[in-house]
Each structure stands twice: as C-alpha cells, then as structure tokens.
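Below is one structure; the comments refer to it alone.
No value in this document is a laboratory result; all are computed from the given coordinates. What you are looking at is a predicted structure, and each value in this text was computed from that prediction instead of being measured. Because the Cβ atoms are built from the backbone with ideal geometry, glycine has one as well, and the counts that use them run over all protein chains shown.
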Amino acid sequence: MNSRRQFLKISSLSAAGLIFGGSLLDAFASNLVKTNPSHFKGPFDFTRTPTYCEVCFWKCAGWVYKDENGRIKKIIGNNDDPNCNGRFCPRGTGGVGMYNDEDRLKTPLIRTEERGKQTFREATWDEAFDYIAKKLTKVKDEYGPESLALFSHGSGGKYFGKVLKGLGSNNIAAPSYAQCRGPREVAFIATYGQGVNSPENTDIRDTKCLVLIGSHIGENMHNGQVQEMSDAIDKGATIITVDPRFSTAASKSKFWLPIKPSTDIALLLTWMNVIINEELYDKDYVQRYCYGFEQLKQHVQQYTPEWAYGVTTLKPQQIRETARAMADAAPAVIVHPGRHVTWYGDDTQRIRAVAILNALLGSWGRRGGFYNPEKASVPHYKLPKFPKPNKSWREALGGKYNLADLALASGLCDASMPTPELGHQIKAWIVNGTNLINTLPDQANTLKAIQALDLIAVVDTMPMEITGYADVVLPECTYLERYDSLRVSQGREPSIALRMPAVEPKYNTKPAYWMARELAKKLDLLDYFPFENLEDEIDWELQQVGTSLEEMQRIGVKRIKREVDDLYFAKDEDVEFNTNTGKIELYSTALADEGFEPMPVFVQHPEPQEGYYRLIYGRAPMHTFSRTANNPNLTDLMDENTVWVNPKVAKEWGLKNDQYVYLENQDGIISDFSIKVRVTERIRFDSVYMVHGFGHADKRMKRCFGKGASDTQLITNVMTDPIMGGTGMRGNFVTFRFDNKKEA
Ligand SMILES: Nc1nc2c(c(=O)[nH]1)N[C@H]1C(S)=C(S)[C@@H](COP(=O)(O)OP(=O)(O)OC[C@H]3O[C@@H](n4cnc5c(=O)[nH]c(N)nc54)[C@H](O)[C@@H]3O)O[C@H]1N2
Ligand SMILES: Nc1nc2c(c(=O)[nH]1)N[C@H]1C(S)=C(S)[C@@H](COP(=O)(O)OP(=O)(O)OC[C@H]3O[C@@H](n4cnc5c(=O)[nH]c(N)nc54)[C@H](O)[C@@H]3O)O[C@H]1N2
Ligand code: SF4
Ligand SMILES: [Mo]
C-alpha cells in the first residue's frame with residue numbers, strides 16, 4: 001500500500017525527471033508534513049498574515065510568514081482550511097517567487113509607435129487610466145456598450161466586471177469555461193440539474209472506487225483532491241485510470257486502460273452496456289430517481305465489449321472486469337467528471353456519458369460518490385442597478401450554443417472579428433489575468449481579433465505574451481501584496497477565507513481593486529465602488545455574518561456549520577432534481593429540445609496520418625499553465641517541458657533521449673522553439689505528450705523565454721462543441737523536425 005507521502009512525492013518527482021537540487025527538495029518536503037503554524041519554531045521572530053493562494057484556482061488558504069526584517073520566509077497551509085487541510089502543494093509554497101520575480105511588470109506602460117516600430121513608454125497611473133477611459137468612452141459612443149468585453153481569470157475580474165457592467169455590457173468571460181470545464185457543467189446540469197463546480201463535490205475521501213478518465217490527479221495538483229485520493233488509496237480504494245499515457249495516477253491504479261485517444265465515449269457506452277445487461281446497476285435508485293432508463297438500455301445494446309475492442313483497443317475482458325469493479329464498490333464509486341474537458345468537440349456528450357454512468361451506479365447523493373455541497377453566502381453591499389445591456393454576450397454568439405450558461409472567451413474573441421451577420425462587433429478588450437495568446441487555441445485567430453480592436457488594455461503581473469499586444473499595460477501587485485474579495489467556498493462544510501497583504505507592493509504596482517476604482521472615477525461610475533478601500537467592504541461583509549476583518553486577520557479561515565444534515569440522500573428520500581422531468585435524466589429532454597442527441601452516441605474522430613502523432617497535453621505538479629513559467633522557485637524545479645515519445649516511434653525516427661527537436665503540426669505550423677525528447681513506454685505509439693505552459697516567446701521573461709515548446713502554438717485545429725461552444729483542442733497531429741526553417 002502506498003502512503004500519502006509517497007504518493008505526493010512520487011507524483012512530483014516523476015514529472016520533474018528527478019532533477020531536484022538538495023535545498024529545493026527540502027523546501028518541497030516540508031510541504032509533505034502537516035505543519036502546525038502555532039508550534040512553528042524558526043530562527044527568527046516570525047509574524048504571519050493570512051492569504052489564499054493565487055497560484056491556481058483551488059484557492060488554498062494559508063499563512064505568510066516573515067522574518068524580523070519583514071521579508072517573506074515561507075507560505076504554508078492553514079490547518080482549518082478544508083481546501084488544503086494545512087498543506088500547500090509545491091506551487092503554492094513557491095508562490096513567493098511571483099513576488100520576488102525581478103522580471104515583473106513594474107510600472108504602467110503605454111504603446112507608442114516609433115518609426116514603424118511599436119514600443120512602450122512608461123506612464124503614470126493617471127495617464128494610463130485617462131487613455132483607457134477616453135478610448136472606452138469613444139468606442140461605447142460609436143458602437144454601443146455591447147462592443148466592450150472583459151476577459152478575466154482570477155480575483156481582479158470582479159472589480160473590472162463592475163466597470164464593464166456599469167458601462168452597460170455583460171460581455172465578461174473566463175477561459176475556465178469554454179477552454180476548460182464548461183462542457184462538464186452543461187452535461188451535469190442536463191443530467192442532475194446542477195453542475196459540479198469548484199471544488200468539485202466528489203466524495204473521494206470515502207470512495208471505494210475512483211475512475212479517472214483523462215483526469216490526472218497527482219500531476220493535476222488540485223490540492224484537496226490529491227489528498228483525498230491518497231487517503232482513499234490508503235483505505236484500499238480501487239483506482240481505474242483511463243489514459244493513453246501512464247500517468248502518475250495510472251501508476252497508483254489497479255487498472256490502467258491505455259485507451260486509444262478520442263474514443264472515450266465508446267468505452268463509457270460499453271461500460272453502460274455491461275452494467276445494464278449484467279444487471280449490475282442500482283435498480284432501486286434508477287427506478288426512484290432516473291428518467292429514460294428503457295431508452296438508454298436499448299440505446300447501449302449496440303455497444304458491446306467486442307465492438308469496443310476494435311475502437312478503443314481495450315480488451316473486452318478488461319472492460320467487463322472494470323465495469324464489475326465499479327459495480328462492486330457502488331454506490332461508493334466515482335466516475336470522475338474531470339475538469340479540463342474540452343478535448344474533441346463532443347465533450348458535453350462525453351461528460352453526459354460520465355454523468356449517466358454515475359447515475360446507473362447510484363453514486364450521486366451517496367457517501368463515497370457525490371455529496372451535496374453547501375455554499376456559504378456572504379451578503380454584498382447593495383449597489384445601484386447596472387444598466388440593462390442592449391445586447392448580451394449571447395448575441396455575440398450569433399444564436400448558437402443556447403445551452404452555454406456562461407459567456408465563452410473564444411466566442412467573444414470571434415465576435416471581435418468583423419462579423420456583419422452579428423450586427424455588432426466587439427471593439428475594446430480589458431484583459432485581466434489571462435494570457436489569451438497561450439490560453440485560447442488557434443493563435444492566428446486570436447491575433448487577428450486583437451489587430452481589429454480599437455483598444456486592448458491588459459492587467460497582469462508579468463510581461464506575458466498578451467501584454468506585448470496591449471495598448472496599455474497595468475501592472476498589478478501580486479496576491480501577497482494586496483487584499484482581494486473573500487474566498488467563499490462550497491464544500492462538505494463551506495468556508496470563508498481572507499487574503500490580505502503580507503508586504504507592501506513592490507515597484508509601482510497596484511491592486512486591481514484600486515485600478516478599477518480609479519478607472520470608474522474617470523468614467524463616472526464611482527457609485528459602483530462605494531468603499532474607497534476593499535478592506536472596508538470586506539469588513540462590512542464580514543460583520544453581516546457575525547465576524548469581522550479583525551477576527552479574520554487572526555484566524556484566516558472560518559468554517560460555516562451546515563444547517564441540516566443533508567450531505568447525502570437519506571434512505572428512500574424523494575428528491576426533486578432541477579431538470580425538466582424533475583428526475584436524473586439519462587435521456588436528456590433539454591438536449592432533445594435543442595435538437596441534439598438525447599443520449600451520447602459514439603462518433604469516430606479523425607486519426608493522424610502516417611508519420612504524425614496526436615498531440616496531447618496536461619499538467620506538471622510544479623507549474624500552473626503560463627503563470628508560473630518564470631517563477632524562480634518553480635523554474636528551479638522544472639524549467640522546460642519535454643515531448644514524450646514511445647520507444648517504437650523514437651526508433652523509427654532515430655530519436656534519442658534529451659535530443660532537441662521541433663514539432664510541426666498538420667497545418668504546417670512549426671514550433672518556435674525546440675523541445676527535449678523523452679523516450680518512454682509511458683505514452684502510446686500513436687500520440688506524443690507535453691506539459692502546457694512552456695515555449696514562451698516574450699524576451700522580457702528571462703528565465704522562461706524559449707524554454708520548451710508551446711502546445712498552444714500547435715493547436716490550430718479547434719473542434720468546437722456544438723452544444724455549448726467549448727473549444728476541443730486534441731484534434732491536432734504533429735511530426736518531428738530537426739530544424740525550424742520554413743520550406744521554400
Ligand atoms: N493549449 C492549451 N490551452 C489551454 C489549456 C491547456 O492545457 N493547453 N488549459 C486551459 C485551461 S484548463 C484553463 S483553466 C485556461 C487557463 O488560462 P489562463 O488563466 O489564461 O492561464 P495562464 O497562462 O496561467 O495565464 C494567467 C495570466 O495571469 C497572470 N497573473 C498571474 N497572477 C496574476 C495576478 O495576481 N493578477 C493579474 N492581473 N494577473 C496575474 C499571469 O502572468 C498570466 O499572464 O487555459 C486553457 N487553455
Ligand atoms: N499542477 C497543476 N495542477 C493543475 C493545473 C495546473 O496548471 N498545474 N491546472 C488546473 C486546472 S485549471 C485544470 S482544468 C485541471 C486539468 O487537469 P485534468 O482535468 O486532470 O486534466 P487534463 O489536463 O485535461 O488531462 C490531461 C490527461 O488527459 C490525458 N488524455 C489525453 N487525451 C486523452 C483521451 O483522449 N482520453 C483520455 N482518457 N485521456 C486523455 C493525458 O494523457 C493527461 O494525463 O488541472 C488543475 N490542476
Ligand atoms: S493547489 Fe497549490 S497552487 Fe493551487 S491554490 Fe492550493 S497551494 Fe496554491
Ligand atoms: Mo482549467
């Protein structure tokens with residue numbers, strides 16, 4: 001049996017290629033131990049301030065410790081926080097590198113055009129806001145408020161969102177929807193009438209069987225889930241991992257199913273076939289709660305294990321055996337809904353299949369399956385009503401994707417191209433905390449949209465690629481130097497966490513709240529910012545729920561007791577689901593109404609041509625997308641990505657370990673930078689794999705410039721989900737090149 005420590009350690013070491021320096025290993029190892037801050041003894045007189053981490057969106061709450069000279073010494077988890085249970089992941093601990101990074105943005109910048117050469121000049125904050133306010137007003141007057149858009153990922157989005165809504169636009173999108181978990185939310189809403197949200201309501205802690213379909217927990221370091229998975233492994237849970245790559249999770253699994261990529265729907269339908277035909281499903285549960293069982297039963301008859309073998313390359317016996325293992329554990333079984341699920345364009349349908357399988361096993365609402373999450377609610381100060389937008393973000397989608405419940409970043413980007421059929425075009429972007437150049441697929445498309453804009457203002461901490469295209473760059477201070485709105489998390493026990501500055505902002509940087517409010521002043525929107533300082537607003541909110549800023553500064557996290565014990569369905573409880581039928585919809589009436597398949601159907605996707613390999617990508621435990629790429633603490637742990645190549649393929653191409661190659665995709669796009677080869681049995685022969693977030697092209701980031709290759713650059717074929725507009729990114733194929741010269 002593997003202990004938690006081993007699990008965490010192995011997950012990190014394997015992806016790093018075993019190249020840790022001693023001191024870094026120490027820093028990392030300290031995370032593996034549950035630290036009790038109140039007993040912490042150090043050489044200095046430490047003082048601590050509460051924060052919640054901004055290195056990824058799990059938002060763990062922690063403590064920032066400083067030495068007697070006021071320098072940040074370390075960041076550790078808050079024991080009372082349900083998202084992290086007192087432990088930070090390596091990235092969270094390394095968060096201090098964001099603050100220390102000498103390549104940070106240091107002062108506002110305004111684009112100047114000098115003799116045809118585009119450059120930036122340093123500007124005062126006032127000049128920068130003036131520039132943006134004038135342009136926003138001009139665009140709004142000329143084209144209407146619906147021509148303004150905000151792209152945001154992270155805390156500052158709330159504040160700039162108020163500016164945008166105050167101007168009369170609700171074109172506000174985050175890449176965490178159409179490029180990440182949108183299809184999952186739509187699929188679960190269609191099935192259960194509610195999404196799985198973040199943190200997910202998966203009861204991994206008590207599960208007896210966890211099925212991971214391309215969800216690589218362990219490299220995907222969402223803290224609480226990793227810890228719960230290790231606990232479940234310690235308690236003997238069966239792990240089934242479906243992944244064309246032998247992931248860290250696969251190495252902890254009883255069953256590894258090295259599926260042929262893009263065929264997951266076939267496997268899911270076949271599992272349903274076995275579970276229904278062998279009568280392994282939860283009959284009482286299905287009868288009581290589900291709608292459309294007979295249709296489903298009939299529908300899956302065609303998907304036999306023998307049929308699936310030809311499609312997925314998985315042996316019929318293995319498909320049967322794993323279906324039985326799930327049923328044995330039911331209802332304490334989780335077929336994990338995944339998170340980054342925008343793969344092949346039929347993603348809502350794939351996740352629908354996941355949702356349906358869970359229903360057959362009776363896991364939703366059951367211990368060890370999916371619990372009923374509770375969200376704390378903190379009242380907000382009442383603001384004047386925002387003007388009603390003349391046209392909403394939906395109209396920017398041209399009548400498509402009715403089932404999307406949030407705006408699509410890719411949709412707003414497309415609507416920034418001249419689009420006569422839409423009747424309006426987005427002309428001005430505010431971009432906060434999202435490196436759209438590397439985040440949206442099809443870079444040429446993103447650049448085309450940007451070139452057509454009248455204004456692009458970018459708020460960031462680093463000189464990321466997106467800032468290079470900005471008219472105005474606003475340098476935000478890091479999360480360690482600012483207040484942000486309270487983190488209000490859902491969970492078994494909901495919780496509230498405070499982030500406050502541990503240190504003064506370095507250089508001429510400012511918090512987003514301050515920026516948005518200064519901009520609001522110039523746009524006559526100050527009514528939407530009644531509090532001069534964010535901490536006053538936070539204090540007001542906390543007072544409403546019986547605490548205060550002062551108390552939260554001392555405790556950092558407050559757990560809220562559940563009012564009723566409804567974590568799981570009670571025995572024989574009647575439950576009304578928020579769907580058209582009030583039942584869990586195995587047959588989706590909402591999808592049928594919109595003209596889509598009411599039950600998932602397997603459709604074959606294109607395959608790589610001779611000499612090409614499917615490009616698949618994922619996470620490394622010590623990095624978060626681009627945002628950590630230049631972080632000195634984390635580049636020490638991993639400073640470039642590698643391309644995983646199966647030995648058979650390596651032999652055909654004469655590739656050796658550590659050799660650098662360029663990659664060229666099906667559309668003739670060659671990677672700007674070369675990438676190191678890692679020859680390994682851990683990847684199928686029909687695919688290659690790399691970690692997302694590398695291959696940076698902005699020279700101002702000295703540590704990460706030109707290190708590794710960018711998967712985004714090679715993702716030119718986008719398979720869009722017709723149901724909700726998610727951008728499937730795994731239909732791209734690459735071949736090897738030994739130089740990056742364009743052929744004449
Ligand atoms: N090719 C490819 N594309 C992908 C993915 C993939 O795996 N491959 N993953 C997709 C997924 S799952 C997601 S969720 C999205 C993520 O998309 P993004 O959130 O856009 O990802 P990052 O690259 O981390 O960009 C974050 C930006 O925020 C900046 N930043 C960091 N901290 C702060 C801060 O405190 N304030 C401000 N103002 N800025 C800050 C960083 O410098 C960086 O420019 O990408 C999606 N796109
Ligand atoms: N360390 C770290 N952790 C993170 C993040 C990070 O940047 N760094 N980002 C966070 C965010 S925002 C998200 S959305 C999640 C994303 O994390 P997840 O939702 O877990 O996963 P993905 O990145 O989509 O998936 C990558 C896995 O899918 C496999 N795969 C590729 N193609 C197929 C296929 O056709 N079928 C199957 N079954 N598997 C396939 C890959 O081999 C890889 O193991 O991670 C979160 N956690
Ligand atoms: S999982 Fe790691 S990076 Fe993400 S919020 Fe928690 S400590 Fe930070
Ligand atoms: Mo994501």
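Table for the structure above
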read-out: Signed unit charges on C-beta, dipole axis of the chain, positive-most listed residue H336, I560, M500; value: M500
read-out: At R0 = 60 Å, FRET efficiency that the Cβ-Cβ distance of K400 and T47 yields, to 0.05; value: 0.65
read-out: FRET efficiency for V378 and K702, using Cβ-Cβ distance with R0 set to 41 Å, rounded to 0.05; value: 0.50
read-out: Computed E for T589/S392 - FRET, C-beta separation, R0 22 angstrom, nearest 0.05; value: 0.30
read-out: Antiparallel DSSP beta bridges within the chain, as percent of all bridges there, nearest 5; value: 50 percent
read-out: Given charges at beta-carbon only (K, R positive; D, E negative), |dipole| of the range 181-373 in Debye; value: 80 debye
read-out: Debye, to nearest 20: dipole size of the chain, +1 on Lys, Arg Cβ, -1 on Asp, Glu Cβ; value: 1400 debye
read-out: Spread of Cα-to-Cα distances over 5 Å intervals beginning at zero, given as percent, for the range 464-593; value: 2, 8, 12, 12, 13, 11, 9, 9, 11, 9, 3, 1, 0
read-out: The chain: relative contact order as a whole-number percent, Cα under 8 Å and 6+ apart; value: 19 percent
read-out: Simple label model, 7 Å out from Cα along Cβ direction - N277 to E573, nm; value: 3.6 nm
read-out: Cβ-based exposure ranking for C56, C89, in which fewest neighbours within 10 Å come first; value: C56, C89
read-out: Pairwise label distance in nanometres, Q287 with N197, each label 7 Å out on the Cα-Cβ vector; value: 3.3 nm
read-out: Packing-based ranking, highest mean first, of 636-649, 549-562, 127-140 given that Cβ atoms within 10 Å are counted; value: 636-649, 127-140, 549-562
read-out: Cα gyration tensor shape for the chain, rounded if a/c is under 1.5, else prolate or oblate; value: rounded
read-out: Net lengthening on full extension, K651/R562 (0.36 nm per residue, minus Cα-Cα); value: 26.2 nm
read-out: Residue-span extension gain [Q298 to Q553] - 0.36 nm each, minus C-alpha spacing; value: 86.0 nm
read-out: Cα-based Kirkwood hydrodynamic radius, the range 64-104, one decimal, Å; value: 11.2 Å
read-out: Cα-derived Rg over Rh, computed across the range 476-547 with Rh taken as Kirkwood radius; value: 1.02
read-out: Cβ-based charge dipole, the chain, positive-most Cα from G398, Q295, P50; value: P50
read-out: Per-residue Cβ neighbour rank within 10 angstrom, fewest leading, S392, S363, S495; value: S392, S495, S363
read-out: Low-density loop cleavage sites - trypsin sites (Lys or Arg not before Pro) in the range 364-454, where at most 10 other Cβ are within 10 Å (DSSP); value: K382, K385
read-out: Global form of the range 613-737, assessed from the alpha-carbon gyration tensor, a/c cut-off 1.5; value: oblate
read-out: Ascending count of other beta-carbon atoms within 10 Å, so fewest first, for L440, L534; value: L534, L440
read-out: Spin-label pair T107/V488, simplified geometry with 7 Å Cα→Cβ offset, distance in nm; value: 4.0 nm
read-out: Lysines whose Cα lies under 21 Å from that of K106, excluding same-chain neighbours fewer than 8 positions away; value: K506, K510, K699, K702
read-out: Highest-first arrangement of 215-222, 484-491, where packing means the average Cβ count within 10 Å; value: 215-222, 484-491
